[in-house]
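The values are calculated or read from the model by the stated rules, or taken from the named source; none is laboratory data. These figures come from a predicted structure and were not determined experimentally. Positions of Cβ are backbone-derived with ideal geometry, glycine not excepted, and every protein chain shown enters the neighbour counts. To get the accessible areas, we keep the full protein, side chains included, count just its heavy atoms, and leave off ligands, DNA and RNA. Shrake-Rupley method; radii C 1.70, N 1.55, O 1.52, S 1.80 Å.
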Amino acid sequence: MEIPTLLEARSVRSARLTTRVLLSGPKEGVPTLFIHGNLSAATWFEETMQRLPEAYRAIAPDLRGYGGADPAAIVDATRGTKDFSEDLAALMDELGIAAAHMVGHSLGGGVLWQFLADYPQRVLSLTQVSPASPFGFGGCKADGTPCFEDGAGSGAAAMNPEIVKSLMLHENGPDNDFSPRNILSQYAWKPPFVPSRIEAFTASVFAQHTGENAYPGDVIASPNWPGIAPGKYGASNALAPNHQSNPLGFCDVAAKPDILWLHGADDLVVSDNSMFELGALGKMGFLPNWPGEAVFPPQPMVTQTSNALDRYEQKGGHTERQVFKNCGHAPHIEKPQQFDRIFHAFLKKHAGGK
């Protein structure tokens, strides 16, 4: 993938993982880590990194299972997102970073809920951009309880097989509704918006590691609808609700960094009616034999995040929340000027900002 000239791409080997890391800004700048989402890579933050004020050092790794990460490193999904959280801590150790501002998008946001719970002293501030709900993605009720104990219908068990097929066969033709480019254009941002670097973003999708140990991950047979449940490996299974041991643990940390939550009003991915969540699709009539709302309701992802941040505030934390009108799943790409205005102001309020 082509790297903009103001970015450095480096292979970094930590105690846990060897991966590609993008860097920009002065080496002595305030560290700011950017954590990407699913079916993407650090590439999705390149422009955002380069637009940071001069006082900041931007750092964006490819998570294990993505992009330039060691393909032999797999995700133990039974630990939720802890593999990712521990990888980030090890990367910070390797780079000599005691604490940093943290920015997460989508899956990356789910990773950072866990990181904040695990390493609160290492977070100067937390910016969540269309983050996964703290309870994971798919197959859970409003209070975070899995619809089924085995997580049936979430994680890899909720993946559209046509999307997986197109990805693994590198099919990207305009006439294929399930090609990565068409999926991005329909769901990653709100049509008719098309980013200028669509080819780079699409290339990052094809850099996704695939297979039962990666994407989409493994599945197991289940007596519950839709007949399969998430297995033990891969990032999608790491977000399964039955693998979240303490999803609101970040609310209980003693030192609570400020949290900025940004999301698009028209996001179809992380939503109270997500087009990638089986409860929502079942209620819309798109899936056969849906067991009904009492058993498998749409996961209210945005409401869950809002309620979690309410709890964070009740326990002494501070949050800021912004909804981007006429915007989909990627505010930092779709609305860069508005995003920068809010994000940069937030950074400058906090410890380490200048």
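Before moving on, here are some points about what is shown:
- Annotation for the stretch 251-354: chymotrypsin sites (Phe, Trp or Tyr not before Pro) lying in DSSP loop with at most 12 further Cβ atoms inside 10 Å of their Cβ are F286.
- Zone residues, the stretch 114-133, relative to K325, backbone N less than 17 Å from point 7 Å out along Cα-to-Cβ: none
- Each label was represented as a point 7 Å from its Cα along the Cα-to-Cβ direction; for E212 and F286 these points are 2.8 nm apart.
- FRET E, pair R311, M275, Förster distance 30 Å, beta-carbon r, rounded to 0.05: 0.60
- Solvent-accessible area per residue in the chain equals 39 Å², computed with a 1.4 angstrom probe and all protein chains kept.
- Sparsely packed loop sites in the stretch 5-81 (the GluC sites (Glu not before Pro) outside DSSP H, G, I, E and B with at most 16 other Cβ atoms within 10 Å) comprise E28, E54.
- Residues of the stretch 245-289 with amide N under 14 Å of a point placed 7 Å along Cα→Cβ from A142: 272-273
- Cross-link reach is defined here as a Cα-Cα straight distance under 15 Å, omitting same-chain residues fewer than 8 places apart; for K190 the aspartates and glutamates meeting it are D266, D267, E334.
- When a 1.4 Å probe is rolled over the protein heavy atoms, the share of accessible surface on the stretch 208-354 that falls to carbon and sulfur comes to 51 percent.
- The base-10 log of I(q)/I(0) for the stretch 174-220, evaluated at q = 0.17, 0.20, 0.27 Å⁻¹, reads -0.58, -0.74, -1.02 [Debye formula, identical scatterers on Cα atoms, solvent excluded].
- Remark: relative contact order (the chain) = 20 percent; criterion is Cα-Cα distance under 8 angstrom and separation of 6 or more residues.
- Extending 7 Å from the Cα toward the beta-carbon at both V194 and T18 defines two label points whose distance is 3.9 nm.
- Shape category assigned to the stretch 94-201 from the gyration tensor of Cα positions, a/c cut at 1.5: oblate
- Relative contact order (%) - the stretch 1-146, alpha-carbon pairs under 8 angstrom, separation at least six: 22 percent
- Solvent-accessible area of S106, all protein chains in place: 20 Å² (probe radius 1.4 Å, heavy atoms, ligands and nucleic acids excluded).
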